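These notes concern the structure reproduced below.
The values are calculated or read from the model by the stated rules, or taken from the named source; none is laboratory data. Just so we're clear, the structure is a prediction, and the values are computed from it rather than from any experiment. Here the Cβ positions follow ideal geometry from the backbone for every residue, glycine too, while neighbour counts run over all protein chains shown.
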Amino acid sequence: MLDTRESKSVPALVGELWELALAYLKQETVEPAKGLGRFVVAGVTGSVVLGSGLVLLLVGGLRALQDETGTAFTGNLTWVPYAITAGASLVLVALAGWAAVRGRDRRRRRRS
């Protein structure tokens, strides 16, 4: 029988193996890392924008409580707007924590 395969030298086969291994490593490491990088950039950007917006909202609420409530928070009660704002920020932190735990639990249930 005739062998129709092309016979290659050992250095040529090693070179092909090296190129194949390098292409595989790029496919399995570099490409997913690029996708992960885009995901992280979008997440960080969204977090910064959301955090800045919530801080501005809380400061605006504090200023509204201080200026628009007339004489309700004067004298010994000037601390009340700060307490209300601090309470509102704690509620936001609690809601964020609850959402994070809830999402983690949902992912765990989906895997099971």
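Here is a yes/no grid of residues against (1) touching a helix residue (DSSP H, G or I) at 6+ places or on another chain (Cβ under 7 Å); (2) modelled with pLDDT under 95; (3) in a helix (DSSP H, G or I):
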residue	(1), (2), (3)
Ala12	no, yes, yes
Leu25	no, yes, yes
Thr29	no, yes, yes
Gly35	no, yes, yes
Val49	no, no, yes
Leu54	yes, no, yes
Leu58	yes, no, yes
Gly61	yes, no, yes
Thr85	yes, no, yes
**Study point:** Options Ala99, Ala88; residue that is within 18 Å of the chain's Cα centre (by Cα), closer than 26 Å to Leu50 by Cα and surrounded by 10 or more Cβ atoms within 10 Å (Cβ to Cβ)
**Key:** Ala99
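With the requirement that a residue be surrounded by 11 or more Cβ atoms within 10 Å (Cβ to Cβ) and not in a helix (DSSP H, G or I), what does the stretch 63-73 give you? If you could, list the steps in order and put the result at the bottom.
Just the residues of the stretch 63-73 that are surrounded by 11 or more Cβ atoms within 10 Å (Cβ to Cβ), to begin with: 63-66, 69, 73.
Scanning the stretch 63-73 gives Thr69, Phe73.
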Revision key, fill the gap. Selection from the stretch 87-112 of residues of a type in the set (Ser, Thr, Tyr) and part of a helix (DSSP H, G or I) yields Ser89
